[in-house]
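Peer 1: Right, I'll just put the structure down here and ask away after.
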Amino acid sequence: MDNQNLAFKFLRLTAPQIAIHDPLLTQRLEDASGITSFLQLPSPSRNEVFLGEHFSYYIRVINQADFALSNVSVKCEYQTERHKVMLSDSSKTLPQLASGGTHDFNVTVDVKEYEHALTCSVQYASPDGVLRSEQSTIVFASTNPLSVHTKIKSFGGHTFLEVGLGNTSSTTALVLECVKLEAPPGATAHQVGESAAPVASSPTEDAAALLQRRIDQMQLLGPGAVQNMLFELDFATPADHNKADLGRLEIRWKRACGEPGRLQTQHITSTGVGQPSVALSLVEAPSEGVTLDHPFTAALRLTNGTDHRLGPLQVAVGELPAGGAFMPAGPQAVAFQDVPPHSSATVSVTLVPTLGGVQSLTGLSALDATGRIVASLRPTSIFVSS
């Protein structure tokens with residue numbers, strides 16, 4: 001009997017792409033009445049998965065055996081570093097899946113993290129009555145479509161927040177629906193220069209003129225483009241004015257065919273620390289994930305943004321948290337050579353994954369000769385297959 005009686009196929013579901021002979025969204029057509037458009041299959045760039053959007057897959061399970069399977073139950077599980085969700089759980093089993101037969105279904109998730117794993121598992125009874133199970137997993141990553149840069153200024157007792165909002169995609173344009181500063185308690189915020197409400201349509205306005213005006217009102221953020229905006233905060237009392245918390249931004253957008261997205265920034269503080277002058281980052285790990293209980297090598301880079309030389313330094317691999325998803329498989333400490341000012345150095349560490357699924361690599365820090373932590377690795381997601 002073949003060990004693999006089932007085949008799994010995963011298909012990403014996306015909206016069609018609009019093909020317009022005239023570049024409507026980028027050049028603001030002067031004559032909106034002459035627009036002609038049609039739908040076409042999505043281009044490869046449409047496969048981008050963005051944080052803040054919904055993500056749908058069409059899954060097909062195929063019986064490739066030359067005999068029928070009985071009592072078939074299908075489950076689909078979605079896993080990230082912090083969450084595990086059962087997307088599809090067949091409470092009613094399929095009485096039979098004929099040879100060459102298929103079972104199809106759709107799943108949809110709300111993308112809130114960067115690394116994702118989608119596992120489809122099937123349990124069935126073979127002709128000899130033995131219960132068997134098979135599964136297939138796909139791994140995909142998402143990207144943040146937006147970059148946000150802020151600068152805080154104060155004039156005459158007023159606080160202003162400059163925001164630079166950038167589209168990080170090189171192929172996908174976004175239409176901004178809303179960029180709002182959610183002020184902290186005791187304060188209100190408004191965007192400087194923004195009209196309070198869109199201009200109402202006139203009963204005598206024809207469709208072409210109305211469409212043209214709506215196009216002119218669109219806030220288009222093209223691929224790689226940056227839009228700047230200014231917010232003013234008003235505080236109820238001087239005590240509120242002295243608080244560090246300035247609230248957070250909520251950003252809503254749509255793609256060309258109306259697929260919505262929404263992201264919120266972290267709280268913005270008036271005492272922002274900016275980027276660390278010394279940073280430890282993961283620069284190389286197996287791109288296809290790693291295998292449970294099998295050692296792998298990860299490269300770490302220490303960046304020295306200070307004006308003085310750093311060293312000697314070491315990464316204490318042996319101090320990884322007990323019970324964590326990764327354990328050291330080589331030297332317990334790896335030393336950096338002296339790192340000159342405004343430069344970087346790289347070392348390699350060998351680790352063994354002890355848990356399957358999307359796991360977070362944490363607990364790695366660079367220490368100086370006194371044991372003081374100079375920089376720590378930010379939690380990094382790695383998919384561990386079993």
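Peer 1: With N residues in region 293-386, what two-decimal value do you get for its Cα radius of gyration over 2.2 N^0.38 Å?
Peer 2: Normalised Rg, Cα atoms only: 1.12.
Peer 1: Here's a follow-up. Grab the Cα-Cα distance for residue 227 and residue 385, subtract it from 0.36 nm times how many residues apart they are, and report the gain in nm with one decimal.
Peer 2: 52.8 nm
Peer 1: Given a Förster radius of 35 Å and the C-beta distance between residue 362 and residue 48 as r, what FRET efficiency does 1/(1 + (r/R0)^6) yield to the nearest 0.05?
Peer 2: FRET efficiency, residue 362 to residue 48: 0.80.
Peer 1: In nm, to one decimal, how far is the modelled label at residue 301 from the one at residue 82, with both set 7 Å along Cα→Cβ?
Peer 2: 2.6
Peer 1: Let me ask something else. Using C-alpha positions alone, give me the convex hull volume of region 84-164 per residue in cubic angstrom.
Peer 2: So the per-residue Cα hull volume is 150 Å³.
Peer 1: With labels modelled as points extended 7 Å from the Cα through the Cβ direction, what inter-label distance (nm, one decimal) is found for residue 338 paired with residue 99?
Peer 2: It is 7.5 nm.
Peer 1: For the cross-link pairs 180/254; 75/254; 112/153; 84/112; 9/254; 151/180, which exceed 21 Å when the distance is taken from alpha carbon to alpha carbon?
Peer 2: Too far apart for the 21 Å limit: 75/254; 112/153; 9/254.
Peer 1: With viscosity set to 1.002 mPa s and temperature to 20 °C, compute the Stokes-Einstein D of region 138-184, Rh being the Kirkwood radius across alpha carbon pairs; µm²/s, no decimals.
Peer 2: 157
Peer 1: Could you tell me the calculated FRET efficiency between residue 234 and residue 10, based on Cβ-Cβ distance and R0 = 51 angstrom, to the nearest 0.05?
Peer 2: Computed FRET efficiency for residue 234 and residue 10: 0.50.
Peer 1: For residue 291 and residue 64 in one chain, what is 0.36 nm times their gap in residues minus the Cα-Cα distance, to one decimal in nm?
Peer 2: Additional length available on full extension: 79.0 nm.
Peer 1: Between residue 281 and residue 130, what's the calculated FRET efficiency when r is the beta-carbon distance and R0 is 51 Å? Round to 0.05.
Peer 2: After rounding to 0.05, the efficiency reads 0.55.
Peer 1: Next question. Using a basic spin-label model with each label point 7 Å from the Cα along Cα→Cβ, how many nm lie between residue 244 and residue 110?
Peer 2: Taking the simple label geometry, residue 244 and residue 110 are separated by 3.0 nm.
Bear in mind that the values in this text are calculations on the coordinates, not laboratory data. Predicted, not measured: the structure shown is a model, and the values here were computed from it. Methodologically, a virtual Cβ is constructed for each residue, glycine included, from the backbone with ideal geometry; neighbour enumeration extends over all protein chains shown.
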